[in-house]
Amino acid sequence: MERQGLVIVHTGDGKGKTTAALGLALRAWGSGLRVLILQFIKGGQSYGELAAIDALKGVRDTIGVRQCGLGFTRRDEKRKPEHIAAAKEALREAEKEIDSGAWDLIILDEINYAVKFGLLAVGDVLGLLKKKPRPLHLVLTGRDAQPEIVDAADLVTEMRLVKHPFAEGVKAQKGIEF
Ligand code: ATP
Ligand code: MG
């Protein structure tokens, strides 16, 4: 029987959305699935996961990660048109990879955040979900997932903030946050 690919959403205001997606990537890759991670909002730091994925690639080249967006923050309102262009380009890339049949699991990291800040229209993301080939698993991460996206998904997890050391002034730490 053909696999039933899932649309999976990780949202909410607690930590763990991207790291849970990376954990899934690890599990899927280890099970022989081909995994692609597209980052819609890239940050400035060098991420530990990029080094880890490079190492995995050396073992079996069926995992990839690409940084597409520009790292939008609320303070960046002035450069919003550039961010919109980058997010749209990322969406086109996602569309191409989804159609390609080259992957079993694709993670669209921070795509919910890109919608939340008006870089992408929710309708464009819904269009992407509609076109998904049946066997493909698709993961969408980012806080404030739109209700339409939650409705369209098969599996939705909300990370809820209980406590975060940021509130105590502890800065982001290598290996934990990036
Ligand atoms: P992670 O990548 O650690 O799984 P995330 O994907 O759930 O985090 P994002 O909304 O993408 O969270 O935010 C990314 C960064 O913000 C991470 O460094 C994370 O530790 C931090 N962060 C997440 N949730 C909170 C929070 N509630 N308060 C402060 N910082 C947070
Ligand atoms: Mg994240």
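Averaged over residues, the count of other Cβ atoms within 10 Å places the peptides 122-129, 158-165 in the sequence 122-129, 158-165, highest first.
In the chain, helices alone account for a calculated mean residue ellipticity at 222 nm of -11500 deg cm²/dmol, with every DSSP H run of four or more residues adding -39,500 (n - 2.57).
Note down the magnitude of the dipole of the chain about its Cα centre, charges +1 on Lys and Arg C-beta and -1 on Asp and Glu C-beta and zero elsewhere, to the nearest 20 debye.
In debye, rounded to 20, the chain gives about 260.
Which of the GluC sites (Glu not before Pro) found in the stretch 1-89 are in a DSSP loop and have at most 16 neighbouring Cβ atoms, other than their own, within 10 Å?
For GluC sites (Glu not before Pro) across the stretch 1-89 that sit outside H, G, I, E and B with at most 16 neighbouring Cβ atoms in 10 Å, the list reads Glu2.
Restricting attention to the stretch 7-161, the count of lysine pairs at 8 or more positions apart or across chains with alpha carbons under 21 Å apart stands at 23. Each Cα pair under 8 Å and six or more residues apart adds its sequence gap; the mean of these over the residue count of the chain is a relative contact order of 39 percent. What the Kirkwood sum gives for the stretch 7-161 is a hydrodynamic radius of 15.6 Å, with every pair of different alpha carbons counted. Computed with a 1.4 Å probe over protein heavy atoms only, the accessible area of Leu26 comes to about 100 Å². Inter-part distance, the stretch 1-42 to the stretch 83-114, computed on C-alpha centroids, equals 13 Å. Of Pro133, Leu108, Val162, which is farthest towards the positive pole of the chain's charge dipole, taken about the Cα centre with +1 and -1 on the beta-carbons of Lys, Arg and Asp, Glu respectively? Towards the positive end, the residue furthest out is Val162.
The values are calculated or read from the model by the stated rules, or taken from the named source; none is laboratory data. Note that the structure is a prediction, hence the values are computed from the model and not measured. Every residue, glycine as well, gets a Cβ built from its backbone with ideal geometry; the counts of neighbours run over all protein chains shown. The area values use the complete protein model at the heavy-atom level, side chains included, leaving out ligands, DNA and RNA. Shrake-Rupley method; radii C 1.70, N 1.55, O 1.52, S 1.80 Å.
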